[in-house]
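Below is one structure, written out as structure tokens; comments come after it.
Bear in mind that the values in this text are calculations on the coordinates, not laboratory data. Computed from a predicted structure; not experimentally measured. Don't worry about glycine lacking a Cβ; one is built from the backbone with ideal geometry, like all the others, and counts go over all protein chains shown.
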Amino acid sequence: MMLSREREVSKPDDTLLAQDRWMDRATLMALWNEPVRLFRLANLLRKERCGDEVSFVINRNVNFTNRCVGSCRFCAFRRSDGYILTEEEILERVAAAERFSATEICIQGGLAPGLVLEDYCRILEAIRENFPRMHLHAYSPMEVFYMSKNSGITPEDSIKELKRAGLGSMPGTAAEILVDRVRMEICPSKLTTAEWRDVITTAHGLGVPTTSTMLYGHVESLEDRINHLLLLREIQADTGGFTEFVLLPFMSGNNSLGPMSQRLSHLDNLKMHALARVALHPLIGNIQASWVKLGRDLAGRTVLWGTNDLGGTLMEENISRTAGAVEAECMTPAQFRDLIERNGRVPVQRTTLYGRV
Ligand code: SF4
């Protein structure tokens, strides 16, 4: 599909804007079938909220283990006989990230048998002791839920301890689609929608910001996606704790859900990014496209239709790659700048919490 930049609208003249700043479910459903109007509105709201800047962060993923007792049907990452990184191996990776001028380490792993709160805290403490300036963005709500259960304490007490150990913010992953009927089908052993919401709002209440995410393009309906977005909007209205919304198109390789998935076209992906901008406006201002999942070129195109952030350099991306993503493991700051400028926007390096570097 070709969408030329000449069709961007720069004046706030869309009647939908005047009618309703918080789109209701029916309007969002209708917009899906009016792509020209949807794109125009998403771009208008993006410009109003973020101007022409598009941001990225220099970060590194550390997937400290791929052993997992979970059974998510979309997962190609877990292994029953996989690795667990030693503290030394983790610190070597962080040292390499520091040499690359990273400002963030993103730490997530499988649910390895027997892991308790102390194990998770020890990783944070070791990094904080050796690299005190690094922002630690760590542990999904599922990991917090798992460590709390194994340790016989509440998620609230776990998050307090993690914060004391150096936690700066949390990834809002494990959200997948926040509709229990869908969760039962794709990740039956994961926390429920209410449990996810509880961990997230507890984190926000303790002053730990999180991202928000959505895994789409598998067995969910458009209505499920919209319900997911409306739930995130409701949480944000209460807590203000989400830093951004990250769209994660489903990768169909090497997992049992793959054959049943929707084959997302480029147009579907662009429309979904635009719809997220419109649905979450103005409460969640940062809408992020994943270059790992979409590929660089398509991720770059999303900045024309609603997104204002392209995520991080990553330096080591294992989770999507095992599910068939073809991108390399790392995107350099120069490559980010080039991609953003080629799409007519102004590149900005940001911190995890959207400060400027
Ligand atoms: S997505 Fe995470 S929790 Fe689910 S099986 Fe994979 S590694 Fe385990």
Other-chain or far-sequence residues with amide H under 5 Å of ILE107's (modelled H): VAL62, HIS137, ALA138, TYR139
Calculated FRET value between PHE100 and VAL346, using beta carbons and R₀ = 25 Å, to 0.05: 0.65
Long-range amide H partners of ARG350 with built H, under 5 Å: PHE56, VAL57, ILE58, VAL357
Cα convex hull of segment 45-100, projected area averaged across orientations, nm²: 6.9
For segment 143-263, convex hull volume per residue from C-alpha positions, Å³: 110
Linear extension gain, GLU34 paired with SER256, 0.36 nm per residue minus alpha-carbon span: 76.6 nm
Proximal aspartates and glutamates to LYS149, defined as alpha-carbon separation beneath 20 angstrom and excluding residues fewer than eight positions away on the same chain: GLU118, ASP119, ASP157, GLU161, GLU195, ASP198
For segment 331-345 and segment 202-229, distance of Cα centres in Å: 27
Residue with peak Gaussian network fluctuation, the chain [Cα springs, cutoff 10 Å], from VAL36, VAL278, VAL303: VAL36
Solvent-free Debye scattering, log10 I(q)/I(0), computed from the Cα coordinates of segment 190-337 at q = 0.09, 0.14, 0.18 Å⁻¹: -0.29, -0.72, -1.18
Interatomic Cα distance distribution for the chain, bins of 20 angstrom, percent: 31, 61, 8
Average projection area in nm² (convex hull over Cα atoms of segment 83-128, one quarter of hull surface): 3.4
Neighbour-count ranking [beta-carbon atoms within 10 angstrom, fewest first] of THR313, THR332: THR332, THR313
Segments 339-349, 174-184, 208-218, 136-146 sorted - mean Cβ within 10 Å per residue, highest first: 136-146, 208-218, 174-184, 339-349
